[in-house]
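Taking it in order: structure first as C-alpha cells, then the write-up.
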Amino acid sequence: MKAPGLATRPAPALDAAAAWYAARSRREQILLVGLGVLLAGTALWLLMLRPLLDARTASIARIAAYEEVMVRVRTAGPPGPMVASLDGPLETAIPTQAATFGIVPTVAMDGDAATVTVSEGRYDSLIPWLSALETSGAILSSVELQRGAQPGSVNATLRVERP
C-alpha cells in the first residue's frame, strides 16, 4: 500500500530549485534556459555524436585498408619466387638454383642422379628451395633432414633425379 502524499509530492530539492528559478528575473530565466540548452547540446555532442562519428571514421579507414589488401591479393602474381627449370647438368644447375635461396650445397654425381648435401642450412630457406626443386621438374627420391648445431639450422642429404 502506498502512502497517499508521496506519489504527488515533488522532491524537496526540486521544490528548492523551482523556488530559486522563480526568484530570478525574466532576463536571467531566459539566460538560464539558454545555458541549459547549450549544456544539453554539448553533452549530446560529446557523449553521443562524437563517439559515433569517430567509430564511423575508424570503420571507413578499416574498410579502405581491407579493400587495399584485396586489390593487392587480386593483382598479385603467383605465390613464391618464379623458379626456372633445371637447365644444364645437375652439378651446375642445382647450386645455381640453391644460391637464389641463400643455400650452398655440395653436389656429387652418381650416374644420372645427384647426391646433394647441405650443412648447417637455414630451415626456413631449405624447405622453399626443396619445393622449388620439385616445381622446376626435379624428382627428390630421398630427403634426410637432421637438426643442425645452431638453432634454426639443419643438415640435409637428398637425392635428385631428372624425370
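Observations, loosely collected:
- Pairs are defined by a Cβ separation below 9 Å, a sequence spacing of at least 6 or placement on different chains, a first member in region 128-151 that is within 16 Å of residue 102 (Cα to Cα), and a second member that is open to solvent by 80 Å² or more (accessible area, probe 1.4 Å) and not charged (D, E, K, R); the pairs so defined are 128/81; 129/100; 132/81; 132/100.
Yes/no matrix, rows are residues, columns are (1) out of contact with any helix residue (DSSP H, G or I) (no Cβ under 8 Å at 6 or more places or on another chain); (2) within 17 Å of residue 86 (Cα to Cα); (3) assigned to a strand (DSSP E or B):
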{"residue": "104", "(1), (2), (3)": "no, yes, no"}
{"residue": "109", "(1), (2), (3)": "no, yes, yes"}
{"residue": "114", "(1), (2), (3)": "no, yes, yes"}
{"residue": "118", "(1), (2), (3)": "no, no, yes"}
{"residue": "132", "(1), (2), (3)": "no, yes, no"}
{"residue": "137", "(1), (2), (3)": "yes, yes, no"}
{"residue": "146", "(1), (2), (3)": "yes, no, yes"}
{"residue": "149", "(1), (2), (3)": "yes, no, no"}
{"residue": "155", "(1), (2), (3)": "yes, no, yes"}
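- Candidates 118, 143, 154, filtered to the one that is among the β-branched types (Val, Ile, Thr) and either touching a His at 6+ places or on another chain (Cβ under 8 Å) or open to solvent by 20 Å² or more (accessible area, probe 1.4 Å) (or both): 143
- Against the conditions (1) in contact (Cβ under 8 Å) with a residue 24 or more places away in the chain; (2) open to solvent by less than 70 Å² (accessible area, probe 1.4 Å), residue 112 satisfies every one except (2).
- Checked against the criteria, residue 86 counts as open to solvent by less than 40 Å² (accessible area, probe 1.4 Å) and out of contact with any Pro (no Cβ under 6 Å at 6 or more places or on another chain).
- Residues located in region 10-32, provided they are in a helix (DSSP H, G or I) and open to solvent by less than 70 Å² (accessible area, probe 1.4 Å): 16, 17, 18, 19, 29, 32
- Given (1) assigned to a helix (DSSP H, G or I); (2) surrounded by 14 or more Cβ atoms within 10 Å (Cβ to Cβ), index of the condition residue 124 fails: (2)
- Residue, nearest to residue 160 (Cα to Cα), within region 89-102, restricted to residues that are open to solvent by 50 Å² or more (accessible area, probe 1.4 Å) and not in a helix (DSSP H, G or I): 89
The values are calculated or read from the model by the stated rules, or taken from the named source; none is laboratory data. Remember, it's a predicted structure, so these values are computed and weren't measured experimentally. Glycine also receives a Cβ, built like all others from the backbone with ideal geometry; neighbour counts cover every protein chain displayed. Ligands, DNA and RNA are excluded from the accessible area calculation, which covers all protein heavy atoms including side chains. Shrake-Rupley method; radii C 1.70, N 1.55, O 1.52, S 1.80 Å.
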